[in-house]
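Only one structure is covered here, and it is reproduced in the block below.
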Amino acid sequence: MTPKVESRYILFTGEVHETVKFDFTINQIGTFIDMWNQGCPINEIAQKLNASKVSATLIAMDLEMAERIGPRAGGLLGKRKVVS
């Protein structure tokens, strides 16, 4: 008897995902870390890096896993108030 194969959803494979960046310069990562530590909101960091919020969030996840950044007040939203 053949084992049943479950359907899978593979991340970042759709056309909409083509805007997600996975490579950044060392300077961009330094800018990210500085802004993260200052409490800047993730959308402000993304804008500064000319990247999507998804890309900036992936940077945060990667740097946290590598123990280069830690938790902060406000999490991804940061501690600085966003004024529209």
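The values are calculated or read from the model by the stated rules, or taken from the named source; none is laboratory data. The structure displayed is predicted, hence computed values, not measured ones. Cβ: placed from backbone, ideal geometry, glycine included. Neighbour counts: every protein chain shown. SASA here: full protein model, heavy atoms, side chains in, ligands and nucleic acids out. Shrake-Rupley method; radii C 1.70, N 1.55, O 1.52, S 1.80 Å.
Observations on the model:
- Accessible area per residue, Å², the stretch 15-78 with all protein chains present, probe 1.4 Å: 64 Å²
- Helical content of the chain, expressed as a calculated mean residue ellipticity at 222 nm, amounts to -12000 deg cm²/dmol (DSSP H runs of 4 or more residues, -39,500 (n - 2.57) each, divided by residue number, nearest 500).
- Relative contact order of the chain: 29 percent, from C-alpha pairs under 8 Å at least 6 residues apart in sequence.
- Computed from the Cβ-Cβ distance with R0 of 22 Å, the FRET efficiency linking LYS79 to GLN47 stands at 0.80.
- For THR31, neighbours were defined as the other residues whose beta-carbon sits under 13 Å from its Cβ, and their charges (Lys and Arg +1, Asp and Glu -1) total -1.
- Rg to Rh, two decimals, where the chain supplies the alpha carbon set and Rh follows Kirkwood: 1.13
- Annotation: peptides 15-27, 41-53, 66-78, ranked by per-residue average of other Cβ atoms within 10 Å with the highest first, follow the order 41-53, 66-78, 15-27.
- Dipole orientation for the chain: of the candidates THR25, ASN37, ALA73, ALA73 has the Cα lying most toward the positive pole (charges on Cβ; Lys, Arg +1; Asp, Glu -1).
- Percent accessible area from carbon and sulfur atoms, the chain, protein chains only, probe 1.4 Å: 55 percent
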